[in-house]
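Worksheet for the structure shown next.
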Amino acid sequence: MGYRFRTLDVFRATVGAAMLGLAEAAFAEAFGYARKRMAFGRPIGDFQATQFKLANMAMEIEAARWLIYRAAHLRDEGRLSRTVKFASMAKLFATEMAWRVADEAVQIHGGSGVTKGVKVEKLLRESRLPRIYEGTSEIQRLTIYRELERDFK
Ligand SMILES: Cc1cc2nc3c(=O)[nH]c(=O)nc-3n(C[C@H](O)[C@H](O)[C@H](O)COP(=O)(O)OP(=O)(O)OC[C@H]3O[C@@H](n4cnc5c(N)ncnc54)[C@H](O)[C@@H]3O)c2cc1C
């Protein structure tokens, strides 16, 4: 079949890249806050529950980064029919990852995280829309599945 997603491939990967940046910003806010917010006489970052959150956030950010690089690399190499699946994976994973990371960043901030004007509150709000435009998460999954069927034909 001819190549169908020339523009979407670029934009889906770049939406993913934008959400990677958003997640990195949320992570930096959460990490900094965890080091300075005191509870029970110590920084909340000393509690393993907080450390586990931050470890998962960092891992998800790196996983998204490499999916985005994979999609961009395939596109740069001109391997267009292979790009469709990875552009959808990059967009889907990075946008849902950014939502999860921003949400955990708010959680680490406690009550202050839902206060207007606090950076993580804004990041959480801004991470919601990219799961809808450039194709919703559901449509990315349909695209990925369709490409898997093509791969296994
Ligand atoms: C701020 C903003 C900016 C935008 N910018 C642009 C733009 O520049 N250019 C542009 O062309 N569009 C743009 N859009 C439109 C955007 O791409 C659409 O909103 C998006 O594709 C979803 O379409 P819809 O809103 O009609 O939802 P619908 O298609 O009605 O979908 C509603 C729900 O049903 C689900 N659904 C629909 N079909 C299926 C299916 N087959 N299987 C499973 N689930 C399904 C969807 O995933 C979604 O959850 C923008 C939207 C917003 C909010």
Per residue, how much accessible area does the chain show when a 1.4 Å probe rolls over the protein heavy atoms, in square angstrom?
57 Å²
Evaluated over the chain, the Cα radius of gyration and Dmax, each in Å:
17.7, 64
Just order 36-47, 132-143 by mean Cβ neighbour count inside 10 Å, highest at the front, would you?
132-143, 36-47
On the formula 1/(1 + (r/R0)^6), with r taken between the Cβ atoms of residue 46 and residue 132 and R0 of 30 Å, the FRET efficiency rounded to 0.05 is 0.20
Would you count, across the chain, every pair of lysines whose alpha carbons are under 22 angstrom apart, provided the pair is eight or more residues apart or spans two chains?
8
Euclidean distance between Cα centres, the range 121-153 to the range 36-95, Å:
15 Å
Quick one: with all protein chains in place, what share of the accessible area of the chain is carbon or sulfur, to the nearest percent (1.4 Å probe)?
59 percent
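The values are calculated or read from the model by the stated rules, or taken from the named source; none is laboratory data. In this text, all values refer to a predicted model and were calculated from it rather than measured experimentally. Methodologically, a virtual Cβ is constructed for each residue, glycine included, from the backbone with ideal geometry; neighbour enumeration extends over all protein chains shown. For accessibility, only protein heavy atoms count, side chains too; no ligands or nucleic acids. Shrake-Rupley method; radii C 1.70, N 1.55, O 1.52, S 1.80 Å.
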